[in-house]
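Report on one structure; see the data block that follows.
What follows draws every value from the coordinates through simple rules; no lab data is involved. Quick caveat, the model's predicted, so the values are computed rather than measured. Note that each Cβ is placed from the backbone with ideal geometry, even for glycine, and that neighbours are counted across all protein chains shown.
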Amino acid sequence: MLCFWGAQVREGLGLVKPDQVKHGKCGFSGIQSLCPKTAVQDMSAGRSFAGFIQDGKVSVLRLRSEDYEHHIESLELKDETDDRIRLIVCGADDAVLLSDSGKVLIMDKTTVCKPLKGLDNRQVIQIACGDHHSMALTKDGQVFVWGENSHGQLGLKKNHPSSPSAQHVQSLSGIPLAQISAGGDHSFGLSLSGVVFGWGKNSAGQLGLGDTTDRHIPTIINSLQFKKTVSISCGGEHTATLSKGGTVFTFGSGGRGQLGHKSFRDEHHPRVVAELWGSEVSQVTCGR
């Protein structure tokens, strides 16, 4: 069963006919559910698209079209092989796909997909999308980035231009990473040894460095040292981390209460979400 809620873009999401959608009891804002004939293996929603993977094939639904009668579209894969798609991650206006063999494809506004240049047959195991930049983590723990670099979110160097092809983050060479996460215009990486690196936009303290200065290269978040971080999630302008014991830290923009600290203040240092203290949290994720 697939559940969805929020702005009513298209009832049934194009996956089933409108009369096959089940409605919750909360009216327009309530949860709706559907059971498509083919199981949805992965899905992701961005600002302009929602993507679905069914039986290794990808389809997308445009979310910002003025035509509310539009249909779900199957993606056209350039240089297509028999490789199946297993992951999709949507950014603001595009999406990144990952195949079973570790190949990366990128989708533009026209919903045409093509292989990403610059990975040189490397096997990718994770992908992440910010608003206008993306990241890939290879099997050997190296990070590659592409897209806009307006705030240093690519982590290459100051004043480095934006790039349409994958670029290796040289400053992290020799530091194998276990996880990557991309926010609106900031990025994070977690090393196998538990060291947390952040870079990019820091206007609300979303890097957790105690200030609001952007960073153009990966910088160690000293306040998370020895916290045994196991997972990181970046939102639009805030960040959440999860420690081995289940402790959640949040920092960055708090203007909508998204940090969970009973206030609307920004936090420039990682701060424990006290309401979750004592709970064995197993996963954390951020929206905008």
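What number results when the radius of gyration of the range 84-130, computed over Cα atoms, is divided by 2.2 N^0.38 Å? Walk me through the intermediate numbers first.
Values: Rg = 10.0 Å, N = 47, 2.2 N^0.38 = 9.5 Å.
My calculation over the Cα atoms of the range 84-130 gives 1.06.
Once you put a point 7 Å from the Cα of ASP108 and another 7 Å from the Cα of VAL16, both along the Cβ direction, what distance in nm separates them?
Here the modelled spin labels are 3.6 nm apart.
Mind ordering 38-45, 267-274, 100-107, 238-245 by average Cβ neighbours within 10 Å, highest first? Don't jump to the answer; show the numbers that get you there.
Details: 38-45: 15.2, 267-274: 17.6, 100-107: 19.4, 238-245: 21.1.
So the peptides 38-45, 267-274, 100-107, 238-245, ranked by packing, come out 238-245, 100-107, 267-274, 38-45.
Given the options THR213, LEU116, PHE249, identify the residue whose Cα lies farthest towards the positive end of the charge dipole of the chain (+1 on Cβ of Lys, Arg; -1 on Cβ of Asp, Glu).
Result: PHE249, furthest along the dipole toward the positive end.
Just to be sure I understand the model, the point goes 7 Å from the Cα along the line to the Cβ. What's the resulting ASP100 to GLU73 distance in nm?
So the two model labels end up 2.7 nm from each other.
If I take all pairs of Cα atoms in the range 78-236, what percentage of them are more than 29 Å from each other?
On the way: 1668 of 12561 pairs.
Value for the range 78-236 (Cα pairs over 29 Å): 13 percent.
Regarding the range 92-183, what's the average projected area of the Cα-atom convex hull, expressed in nm²?
Numbers: hull surface 22.7 nm².
Mean projected area of the Cα convex hull: 5.7 nm².
How large is the dipole of the range 142-288 about the Cα centre if only Lys and Arg carry +1 and Asp and Glu carry -1, each at its Cβ, rounded to the nearest 20 debye?
It comes to approximately 140 debye.
Take the Cβ-Cβ distance between LYS228 and TRP277 as r, set R0 to 22 Å, and report the resulting FRET efficiency rounded to the nearest 0.05.
On the way: r = 16 Å, r/R0 = 0.72.
Given R0 = 22 Å and the Cβ-Cβ separation, E is 0.85.
About the Cα centre of the chain, what is the dipole size in debye to 20, counting +1 per Lys and Arg Cβ and -1 per Asp and Glu Cβ, all else neutral?
Details: 30 positive and 29 negative charges, 130 e Å.
That gives the chain a dipole magnitude of about 620 debye.
If you build the Cα gyration tensor of the chain and take the root of 5 times each eigenvalue, what three semi-axes come out, in whole angstrom, biggest first?
Numbers: eigenvalues 190, 125, 57 Å².
Ellipsoid half-lengths, sorted descending, are 31, 25, 17 Å.
So which of LYS157/LYS228; LYS17/LYS37; LYS57/LYS103; LYS57/LYS109 end up more than 22 Å apart, counting from Cα to Cα?
Numbers: LYS157/LYS228 28 Å; LYS17/LYS37 11 Å; LYS57/LYS103 15 Å; LYS57/LYS109 18 Å.
Violating the 22 Å limit, Cα to Cα: LYS157/LYS228.
Quick one: give the max-minus-min coordinate of the C-alpha atoms of the range 152-288 along each principal axis, largest first, in Å.
42, 30, 23
Calculate the FRET efficiency for HIS160 and GLN123 from the Cβ-Cβ distance with a Förster distance of 25 Å, rounded to the nearest 0.05. Write down the numbers at each step before the final one.
Working: r = 26 Å, r/R0 = 1.02.
It comes to 0.45.
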